[in-house]
Amino acid sequence: MALEEIQKVKIEKLEKLRKAGIDPYPATSRRNMSVAEAVKRFEELAASGETVILAGRIMAKREHGGSIFFDIKDADARVQGFAKEDILGADKFAQFKELFDIGDIVEVEGTLFKTKKDERTIEAKNFAMLSKALLPLPEKWHGLTDIEERFRKRYLDLTLNDDVRQIFKTRAVVIRVLRDFLNSRDFLEVSTPVLQPLYGGASARPFKTHMHALDIDLFLRIAPELYLKRLLVGGFEKVYEFTTNFRNEGMDRDHNPEFFGLEFYAAYKDLDWLMDFTEKLLREAVKAVYPDGNFKHEGQAVDFNGPFKRVKFADLMNKPSFAKASEAKEADEKFKKNIRPTLVQPTFVVDWPTELLPLAKKTPDDPNFVSTFQFFAGGLELIKAFTELNDPLDQRERFAAQEQKRAKGDEEAQRMDDDFVEALEYGMPPAAGWGLGLDRFLMLLTDSHSIREVLLFPTMRPK
């Protein structure tokens, strides 16, 4: 049957419910427990004969003469339902049989028992329509299999695929653990502007908009870094922000124009402290998902238990110096192509070429390198971290060099930010900080191949 015909039949059923005095979209429900709670307390509830009221979506419906078996599912669990004509009465049973379909959200009142096949079941004494579905759910194995359609209609993907819902439950757990870890160590959570008069904090092409009230152009932030560092100037010593950033760039398996991250800064700390701190923080987040600290990503075992490897960028590239900008950029491209995919175990790659990172402090023994690390696991770049540049004169020179690159056509070069340099001129304490790509971290922890799998609503091309 064509989709239009199916919808027509469902609307006819909707009208029959209304004619029978039944509101197919009531404002509330009498549910007194979740399906998960009913399943957890099943033995107790079944033995007592206590009446329970459950609610959820009908996911299956099987008729057997004068009885109907059906499955209802809520956010966390599924249970079988049983409707029998001699219990409900002929009219009520006929109504459930004819007007209630797979996909409808319903309320079921009854008692719990086990079938001869040991299936936990609620025997319906009464039921109610909570939301009549006017479109059919795709068949589980033959319907919503197109990847693009899954992302466009994420609501159906979540309805049909428990594994997908688990990804986003894992996401919530990881964010909570990260936040609790930082809060317990006296970090202050803050919010900085999403709309910025001058973008900065990373090398990327921004999204641009216009504010009519002030008649000024504004940019969606590409990173919160420069605002967070202003807070260090202002006297805060430990700050962090869960941040949605926007970069007007291409899309691939680990890039989305809108992405979620965590960024923090700690005054009076250095890179060695930051690596130790990062190990503890990430290990705690991993163990909230995998208590033994081990898991697989893309078929390869990843172990977050032991000390993370630390290696210099120059050693990996077998090249002692990158004095020229072209050399640094070429080395970075080679690293991304040849080295990064091999960094499966947690690894800090330290001391990157100065030309690549204009906001980091130079190493004391070689000005061609900056005191930085990037953290990798599962072949993914997860963190960029710096000993923060707090010399205003050096920062101004680096911004000027970036502007020269921009004048030569580099759209991702950073802008001269005079206001930020002025803030540094009032004095920023020595500090260390980093930004974590939370979407990629979730890719790692949920064994997802594409960043789109861990975003509820990823950016999509128009149909």
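What to note about this one:
- Qualifying position, being at pLDDT 95 or above, assigned to a helix (DSSP H, G or I) and either buried (at least 22 other Cβ atoms within 10 Å of the Cβ) or within 32 Å of the chain's Cα centre (by Cα) (or both), among D439, D447: D439
- Tabulated pairs, the range 120-149, first not assigned by TED's automatic domain parsing to the domain that holds S450, second acidic (D, E) and at pLDDT 95 or above, C-beta under 6 angstrom, 6+ apart or interchain: K125/E109; N126/E109; A128/E107; L130/E107; K132/D104; A133/D104
- Annotation: of all residues in the range 334-372 being over 27 Å from the mean Cα position of the chain (by Cα) and in a helix (DSSP H, G or I), the one that is surrounded by the fewest Cβ atoms within 10 Å (Cβ to Cβ) is N338.
- Listed conditions (1) in the same structural domain as L228 (by TED's automatic domain parsing); (2) within 23 Å of N245 (Cβ to Cβ) are all met by A400, apart from (2).
- The sole residue among L232, L218, L228, L188 that is more than 20 Å from the chain's Cα centre (by Cα), of a type in the set (A, V, I, L, M) and more than 17 Å from A432 (Cβ to Cβ) is L218.
- Qualifying residue in the range 182-204 (condition: in a helix (DSSP H, G or I) and farther than 30 Å from E403 by Cβ): yes
- Among the candidates R310, R283, residue that is assigned to a strand (DSSP E or B) and either among the hydroxyl-bearing types (S, T, Y) or in the same structural domain as R440 (by TED's automatic domain parsing) (or both): R310
- Top-ranked residue in the range 404-418 [being surrounded by fewer than 13 Cβ atoms within 10 Å (Cβ to Cβ) and not aliphatic (A, V, I, L, M); ranked as modelled with the lowest pLDDT]: E411
- Scan of the range 278-299 for residues that are buried (at least 19 other Cβ atoms within 10 Å of the Cβ) and not aliphatic (A, V, I, L, M), ordered by number: T278, H297
The values are calculated or read from the model by the stated rules, or taken from the named source; none is laboratory data. In this text the structure is predicted, and so the values were computed from the model without any measurement. For neighbour counting, all protein chains shown are included, and Cβ atoms are generated from backbone atoms with ideal geometry for every residue, glycine included.
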